[in-house]
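Heads up: the structure comes next, in structure tokens.
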Amino acid sequence: QQLLNELSSYNNGNELAVSSFSISALLKQIAISYAASLVDTNIEFTSYIAPDLPFIDGDRMKLKEVILNLLRNATDAVNAISLPGTVSLSASCDTTSSQIILKIHDSGCGIPKDHLADIFTPFVTYKQGGTGLGLAIAKRIVTAHHGDISAESLPDSGTTFTITLPTYR
């Protein structure tokens with residue numbers, strides 16, 4: 001069932017229900033619910049959402065899906081090392097390029113360098129029980145928003161995913 005749902009999400013990843021919305025309000029809502037999900041865990045969550053973020057044109061629900069997926073992956077990565085760990089979410093606006101820059105960082109297990117090149121490829125997974133579609137869906141959705149998603153990682157030091165989104169279409 002999960003695989004069928006993810007296949008549907010992947011196939012429809014570039015079909016957007018576009019509206020103008022406050023990315024700041026969306027991120028604050030996500031941060032609050034994510035922080036609540038970490039109660040009674042050994043994960044410390046921090047967030048910084050710049051106060052001056054402009055409205056963006058995009059699919060609010062699909063961007064929420066991307067960010068929640070990255071936060072879930074961050075949680076899994078921290079839990080994989082079974083030590084106290086951290087997850088952070090930050091959002092700022094690069095006024096020179098008119099882009100929103102979102103970063104999700106974790107202090108988890110990291111991604112080996114030889115795996116980084118294909119983490120966004122459909123059906124490629126290094127996660128126990130993973131379908132290999134989560135990051136492929138995220139990339140498809142971000143690309144449909146004329147944005148970009150990338151990852152930097154060091155094994156045993158954590159991972160940072162960076163999403164850039166234009167403030168207008």
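The values are calculated or read from the model by the stated rules, or taken from the named source; none is laboratory data. Model, not experiment: these values are computed from the prediction. Every residue, glycine as well, gets a Cβ built from its backbone with ideal geometry; the counts of neighbours run over all protein chains shown. Side chains are part of the model used for accessible areas, which takes the heavy atoms of the whole protein and leaves out ligands, DNA and RNA. Shrake-Rupley method; radii C 1.70, N 1.55, O 1.52, S 1.80 Å.
What the table below lists for this structure:
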{"read-out": "Gyration tensor verdict on the stretch 49-96 (Cα atoms; rounded if a/c is under 1.5, prolate if a/b is larger than b/c, oblate otherwise)", "value": "oblate"}
{"read-out": "Dipole of the chain [Lys/Arg +1, Asp/Glu -1 at C-beta], most positive-end residue of 120, 42, 23", "value": "23"}
{"read-out": "Length-normalised contact order of the stretch 95-141 in % [C-alpha pairs under 8 Å, at least 6 apart]", "value": "23 percent"}
{"read-out": "Solvent-accessible area, 1.4 Å probe, carbon plus sulfur percent, for the chain", "value": "54 percent"}
{"read-out": "Per residue solvent-accessible surface (Å²) - the chain, probe of 1.4 Å", "value": "52 Å²"}
{"read-out": "The stretch 77-169: C-alpha gyration tensor shape, a/c 1.5 cut-off, then a/b vs b/c", "value": "oblate"}
{"read-out": "The chain - percent relative contact order, Cα under 8 Å, separation 6 or more", "value": "25 percent"}
{"read-out": "Cα-based Lys pair tally, the stretch 26-169, threshold under 15 Å, eight or more apart or on separate chains", "value": "6"}
{"read-out": "Relative contact order %, the stretch 71-169, counting alpha carbon pairs below 8 Å whose residues are six or more apart", "value": "30 percent"}
{"read-out": "For the stretch 22-42 versus the stretch 71-113, the gap between their alpha-carbon centres in whole angstrom", "value": "13 Å"}
{"read-out": "Cα Rg, Dmax (largest Cα-Cα span) when computed across the chain, Å", "value": "15.4, 44"}
{"read-out": "Within the stretch 33-130, chymotrypsin sites (Phe, Trp or Tyr not before Pro) in DSSP loop having at most 15 other beta-carbon neighbours inside 10 Å", "value": "123, 126"}
{"read-out": "About the Cα centre, charge dipole magnitude for the chain (Lys/Arg +1, Asp/Glu -1 at Cβ), debye", "value": "280 debye"}
{"read-out": "HN-Hα J in Hz across the stretch 151-161 - Karplus 6.51, -1.76, 1.60, θ = phi - 60°, x for Gly and Pro", "value": "9, 10, 7, 10, x, 6, 10, x, 9, 10, 9"}
{"read-out": "5 angstrom amide H check on residue 44, placed H, neighbours 5+ away", "value": "85, 86, 87"}
